[in-house]
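The values are calculated or read from the model by the stated rules, or taken from the named source; none is laboratory data. Predicted model, so just to flag it, every value in this text is computed and none were measured. Reconstructed Cβ throughout: ideal geometry from the backbone, glycine too, with neighbour counts over all protein chains shown. Heads up: the accessible areas ignore ligands, DNA and RNA and are worked out on the full protein's heavy atoms, side chains in. Shrake-Rupley method; radii C 1.70, N 1.55, O 1.52, S 1.80 Å.
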Amino acid sequence: MGIGILYESKEWSSYALEKNVNDLGVPAKLIDMQDDVHEEELLSFDLIVNRVPASAVFRGHQKALDRMPGVIDLLKNNNIPMINTYEAHYYETSKSRSTLTLGANGFPVPKVFGVFSPSEITENSGIEYPCIIKPDCGGRTNCTFIFRNWQELAEGMKNAPNIKYIAEEYLTPEFGFLTRVEVIDGVCRLIHKKSVTDCGLAAYWLGSTFTAYHDISNEIKDTAIRAMDLLQIGSGSMDIIENKKGFFIIDINSISNASEDGIEIFQFDLMKETAAYIVDKYWKISA
């Protein structure tokens, strides 16, 4: 029947992806994981594309995330492939899992102090300062904090949502930007800089600006490709901090989003190129 695209957020990227896949001659259908999902429909597709990110929880879409393990089991038991892989979803939904896996395999990552709920964090939790606290399952810089000492941490977590947080060393972006690398099918396709705002974080909603990054080192590009391969992410993104000590992978995602204005800024249509990757995989599966 073609390609089913699992999604939870009614934003431009998912609709653009569906259109681009259809334009390439393969029938594609969006499936809202917040609505009732029928097993018969899921099993009618030849290929499933997963676009349910960890950040769904901050849009009130926990239902979509909670459904994914059951959907994954259904697809695996019926030999229906998924982009990204089933394994990639588990890395997408746990920053500690992805960071510790990368670190154990020799990739440059921040030091992880642990995973805690707000009530579990104490002065003796082994956290060093400065630190960054962020949801273990989350994204888009939601509920992310930088603390310089225990007093700041204790005060800052008083009203934090009761979820699991990963505590890591805070690596200073000394050059004033974070590096975003988009990898598709083992190739770095789009690389840009996100400016760091006054709070020490980088995000569109915080006021970061985005500029193309043409002179990035081959070492960083090679590392990004190998990291994606290890986590079985065929199409996704990662954030990297560069400073005088080197470079460090601070976040990795198996689902990439884009905006219409990004096409004009970078002269690159991420959703169109992602669709081409998906369709190529579809034809190889169907052959």
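Condition test on residue 263, is it surrounded by fewer than 21 Cβ atoms within 10 Å (Cβ to Cβ), β-branched (Val, Ile, Thr), out of contact with any Ser or Thr (no Cβ under 7 Å at 6 or more places or on another chain) and without any contact (Cβ under 8 Å) to a residue 24 or more places away in the chain? Spell out how you get there, then give the answer.
Numbers: surrounded by fewer than 21 Cβ atoms within 10 Å (Cβ to Cβ): yes; β-branched (Val, Ile, Thr): yes; out of contact with any Ser or Thr (no Cβ under 7 Å at 6 or more places or on another chain): yes; without any contact (Cβ under 8 Å) to a residue 24 or more places away in the chain: yes.
When the stated conditions are applied, residue 263 passes them.
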(message) Which condition from (1) part of a loop (DSSP other than H, G, I, E, B); (2) surrounded by 14 or more Cβ atoms within 10 Å (Cβ to Cβ) is the one that residue 128 breaks?
(response) (2)
(request) Please enumerate the residues belonging to segment 93-125 that are open to solvent by less than 30 Å² (accessible area, probe 1.4 Å) and basic (Lys, Arg). (result) 95
(request) Can you give me the number of residues within segment 41-75 that are under 17 Å from residue 11 (Cβ atoms) and part of a helix (DSSP H, G or I)? (result) 8
(message) If I filter segment 255-279 down to residues being in contact with a Phe, Trp or Tyr (Cβ under 7 Å, 6 or more places away or on another chain) and in a helix (DSSP H, G or I), which single residue comes out as farthest from residue 139 (Cα to Cα)?
(response) 265
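If you check 212, 224, which single one turns out to be surrounded by 17 or more Cβ atoms within 10 Å (Cβ to Cβ) and more than 18 Å from residue 130 (Cα to Cα)? Break it down stepwise before answering.
Values: 212 fails: surrounded by 17 or more Cβ atoms within 10 Å (Cβ to Cβ).
Residue meeting the stated conditions: 224.
Regarding segment 165-176, can at least one residue be identified that is out of contact with any helix residue (DSSP H, G or I) (no Cβ under 9 Å at 6 or more places or on another chain), of a type in the set (A, V, I, L, M, F, W, C) and outside any loop (DSSP other than H, G, I, E, B)?
Of segment 165-176, the ones out of contact with any helix residue (DSSP H, G or I) (no Cβ under 9 Å at 6 or more places or on another chain) are 169-176.
Filter once more, keeping what is of a type in the set (A, V, I, L, M, F, W, C): 171, 175.
The next check asks that each one be outside any loop (DSSP other than H, G, I, E, B); those that pass are none.
No, that holds for no residue.
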(message) Just to be sure I understand, how many residues within segment 40-75 are of a type in the set (Lys, Arg), farther than 23 Å from residue 274 by Cα and either open to solvent by less than 60 Å² (accessible area, probe 1.4 Å) or at pLDDT 95 or above (or both)?
(response) 2
(message) Could you tell me how many of the residues in segment 76-112 are of a type in the set (Ser, Thr, Tyr) and not in a helix (DSSP H, G or I)?
(response) 3
(request) Identify all residues within segment 161-189 that are over 19 Å from residue 132 (Cα atoms), open to solvent by 20 Å² or more (accessible area, probe 1.4 Å) and either touching a residue at least 60 places away in the same chain (Cβ under 8 Å) or in contact with a Phe, Trp or Tyr (Cβ under 6 Å, 6 or more places away or on another chain) (or both); write none if there are none. (result) 185, 189
(message) Could you tell me how many of the residues in segment 76-92 are without any contact (Cβ under 8 Å) to a residue 24 or more places away in the chain and either open to solvent by less than 50 Å² (accessible area, probe 1.4 Å) or closer than 16 Å to residue 231 by Cα (or both)?
(response) 2
(message) Quick check on residue 286: is it modelled with pLDDT under 95, among the polar types (S, T, N, Q) and surrounded by fewer than 16 Cβ atoms within 10 Å (Cβ to Cβ)?
(response) yes
(message) Suppose we filter segment 113-125 for residues that are assigned to a strand (DSSP E or B) and of a type in the set (Gly, Ala, Ser); how many remain?
(response) 1
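Counting only residues that are open to solvent by 70 Å² or more (accessible area, probe 1.4 Å) and modelled with pLDDT of 95 or more, which one in segment 1-26 is nearest to residue 72 (Cα to Cα)? Working first, answer last.
To start, the set of residues in segment 1-26 that are open to solvent by 70 Å² or more (accessible area, probe 1.4 Å) comprises 1, 10, 12, 15, 19, 23-24.
After this cut, where a residue has to be modelled with pLDDT of 95 or more as well, the list is 15, 19, 23-24.
Working: 15: 22, 19: 24, 23: 27, 24: 26 Å.
Ranking the qualifying residues of segment 1-26, first place goes to 15.
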(request) Within segment 113-171, work out how many residues are over 25 Å from residue 241 (Cα atoms) and of a type in the set (Val, Ile, Thr). (result) 3
